[in-house]
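**Student:** Below you will find the structure I want to go over with you.
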Amino acid sequence: MESERELLSVEENPRKGGLRTMPFIIVNESFERIASFGLQANLIIYLMTYYNVSAATGTIIIGLWGALSNGLALFGAITADFYLGRYRAVAYGSISTLIGMIILWLTSMIPQLKSLPCSQFQHACNGPTLLQLAVLFSSFGFMSVGAGFVRPCSIIFGADQLENRKNKRILESYFNWYYASSGISTILAVTLIVYIQDLYGWKVGLGVPTILMFLSVLMFQIGSPLYIKLKAKTTENLVIGLFQAAVAAFRKRNTRLPLTDCDEFYRWPLESDVLPPSKDFRCLNRACIIEDPQRDLNPDGSASNPWNLCSVEQVESLKALIKALPMWSTCFMIFVDMNIFSFSLLQTKTMDRHIFPHFEVPAASFSVFMITALTIWIAFYDRVLVPLLSKFTRQPRGLSPVTRMGIGLISSGMAIALSAITESIRRQRAIEEGLEEDPNALVNMSAMWFVPQYVLLGVAEATHGVGQVEFFYALFPKSMSSIASSIDIVGTAVSSLMGSILVSGVDWLSSTGGKTSWLSNNINKGHIDYFFWLLSFLSFLNFLYFLVVCRFYESGNDGSSRLSHMAEDKECDYRLLPES
């Protein structure tokens, strides 16, 4: 009833929403993306220059920042849906990001907020003070909170403005334009903003993204009178419902499971279809068993204690999430491969980056090759390969989501192996040219050697990312579509955390006994190639794990699961067993 009243209020006020709001929303997201990604692309150089941190420490800091930003996206989506509403979430998030950028900009202008520069006579540089780190990390914290609110809510808030229009093609066009603007914004961030940072220094290089973020906030607020602002739904919280189902199943773990009687299972609302719970994870079915109708139900038929009795729908939603976890865990390694970008940046800085005699590509701009490859591959696959492959596979999308995810994992592993080979060649040339003691000297080798690895990473992200989203959308019920869209973001957060732990561990282990760390600031003395070979080996193991997980899912592109989970009445066996 609440959603019906919202729709009626929108129809009664045709001056709200519509295409007139799109410039404000898309410009807000575009400027936010240019500002955020423009900072991240070159940030490792800023940390090493102004805070005298090592390459490994800088990579760990960036990884933890990425983990926090992506992890807060799920929190932001839930808060927007059930407490703040999407308009206030985007507004507050944009302001929080702006505050964080202003603080970071100040660190480049106020000498007391950054470490003293190293001199050539110092054996050990002065590290940052606690106050300097506190200011730096506070800027990252504000930007993480902002990203957690803006990124999951902005696109849905735009859809709210168009969802009730009769022409559904307008909504489809909006999504196309939104993603197109996101791609263009990312390209501008890693080219134009990075070029400004390299050419004019950090005061201007951090000031331009800050000004763009201010314009982003301003544009969004200017359009405020035109927006449809749907209120947050405070009655039903899907995430809390999942916890309630788990708690109820644990509390009633000694309850005997019925065989076939559907009347013993609770459903809400009462008008929902009378369907028994599935046989997967049968131990969870206890959560929706009505033991005593007078005690368990209110007069209107609702559960008297939702932490002791849950609906069949809640239980099935929890089962769907559990089924998705094995396949979801296979995505961590591919994002670890993509997040170890800082070391590629250090490599390309020591190589010839000229495309034309008088034009040098900034080192941080090489990721544009990955973005370009991703865009071209998606268009090529959708327009050329899908019609051809569908004739042979008899599947409307050409290849199943699981197959595309596997191709992405293979491409990612190949990219990292190619990076290891290229780094071995670059390091050997640096030593032969007598540059082992000078990590900033240019090696007589073109940086275009690194283009193939970026192309492979772009193809990997395009095939794996799109396949994963389609897989989860098919596996989850419609009520969990928001979880399906955010599970990829949470996976990126876990991967960032794993990458930071991996870098920290490798840096510590490889430097024991006074040896030079693989991840040394002097990459000519270190062995980044060994680190890349380690990532390649882990990617290979992850692919084998992926093949094992695939045995528990159907190979069709519908994403349906054939996981069979069996449980006795008194215990729950969570081992994944194929159906007989």
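**Student:** Please tell me if Phe37 is closer than 19 Å to Ser496 by Cβ and either in contact with a Ser or Thr (Cβ under 8 Å, 6 or more places away or on another chain) or of a type in the set (Lys, Arg) (or both).
**Tutor:** Answer is yes for this residue.
**Student:** For the subset of the range 23-58 comprising residues that are hydroxyl-bearing (Ser, Thr, Tyr) and in a loop (DSSP other than H, G, I, E, B), which member is most open to solvent (accessible area, probe 1.4 Å)?
**Tutor:** Filtering the range 23-58 for residues that are hydroxyl-bearing (Ser, Thr, Tyr) and in a loop (DSSP other than H, G, I, E, B), the one most open to solvent (accessible area, probe 1.4 Å) comes out as Ser54.
**Student:** From Phe82, Phe75, grab the single residue that is of a type outside the set (Gly, Ala, Ser), within 18 Å of the chain's Cα centre (by Cα) and either under 12 Å from Gly148 (Cα atoms) or assigned to a helix (DSSP H, G or I) (or both).
**Tutor:** The match here is Phe75.
**Student:** If I ask for residues that are charged (D, E, K, R) and closer than 30 Å to Gly413 by Cβ, which ones from the range 285-343 would you list?
**Tutor:** Lys323, Asp337
**Student:** Oh, and also: From (1) modelled with pLDDT under 80; (2) touching a helix residue (DSSP H, G or I) at 6+ places or on another chain (Cβ under 8 Å); (3) over 25 Å from Phe472 (Cα atoms); (4) open to solvent by 40 Å² or more (accessible area, probe 1.4 Å), pick out the condition that doesn't hold for Trp268.
**Tutor:** (3) is the only condition that Trp268 fails.
**Student:** Quick one: in the range 442-472, of everything that is of a type in the set (A, V, I, L, M), open to solvent by 10 Å² or more (accessible area, probe 1.4 Å) and modelled with pLDDT of 85 or more, which residue is nearest to Tyr553 (Cα to Cα)?
**Tutor:** Going through the qualifying residues, I end up with Val459.
**Student:** To continue, here is another question. Please verify whether Glu423 is without any contact (Cβ under 8 Å) to a residue 12 or more places away in the chain and of a type outside the set (Phe, Trp, Tyr), treating the condition exactly as stated.
**Tutor:** No: the conditions fail for Glu423.
**Student:** Looking at the range 473-512, which of its residues are modelled with pLDDT under 80 and not hydrophobic (A, V, I, L, M, F, W, C)?
**Tutor:** Once the filter is applied, which keeps residues that are modelled with pLDDT under 80 and not hydrophobic (A, V, I, L, M, F, W, C), the range 473-512 yields Tyr473, Pro477, Lys478, Ser479, Ser481, Ser482, Ser485, Ser486, Asp488.
**Student:** Considering only the range 347-389, how many residues are open to solvent by 10 Å² or more (accessible area, probe 1.4 Å) and assigned to a helix (DSSP H, G or I)?
**Tutor:** 24
**Student:** Let me ask something additional. Going through the range 69-128 one residue at a time, which ones are among the hydroxyl-bearing types (Ser, Thr, Tyr), closer than 30 Å to Ile155 by Cβ and at pLDDT below 85?
**Tutor:** Within the range 69-128, Thr79, Tyr83 meet the criteria.
**Student:** Can you name the residue in the range 403-436 that is touching a strand residue (DSSP E or B) at 6+ places or on another chain (Cβ under 7 Å) and not acidic (Asp, Glu) and, of all such residues, is nearest to Trp328 (Cα to Cα)?
**Tutor:** Per the criteria, the residue is Arg426.
**Student:** Taking the range 377-396, which residues are within 24 Å of the chain's Cα centre (by Cα) and in contact (Cβ under 8 Å) with a residue 12 or more places away in the chain?
**Tutor:** Listed by number, the residues that qualify are Trp377, Ile378, Tyr381.
**Student:** So, Leu325, is that one modelled with pLDDT of 80 or more and open to solvent by 10 Å² or more (accessible area, probe 1.4 Å) or not?
**Tutor:** Answer is yes for this residue.
The values are calculated or read from the model by the stated rules, or taken from the named source; none is laboratory data. Note that the structure is a prediction, hence the values are computed from the model and not measured. Neighbour counts run over all protein chains shown; Cβ positions are idealised from the backbone, glycine included. These area figures cover heavy atoms from the full protein model, side chains too; ligands, DNA and RNA do not enter into them. Shrake-Rupley method; radii C 1.70, N 1.55, O 1.52, S 1.80 Å.
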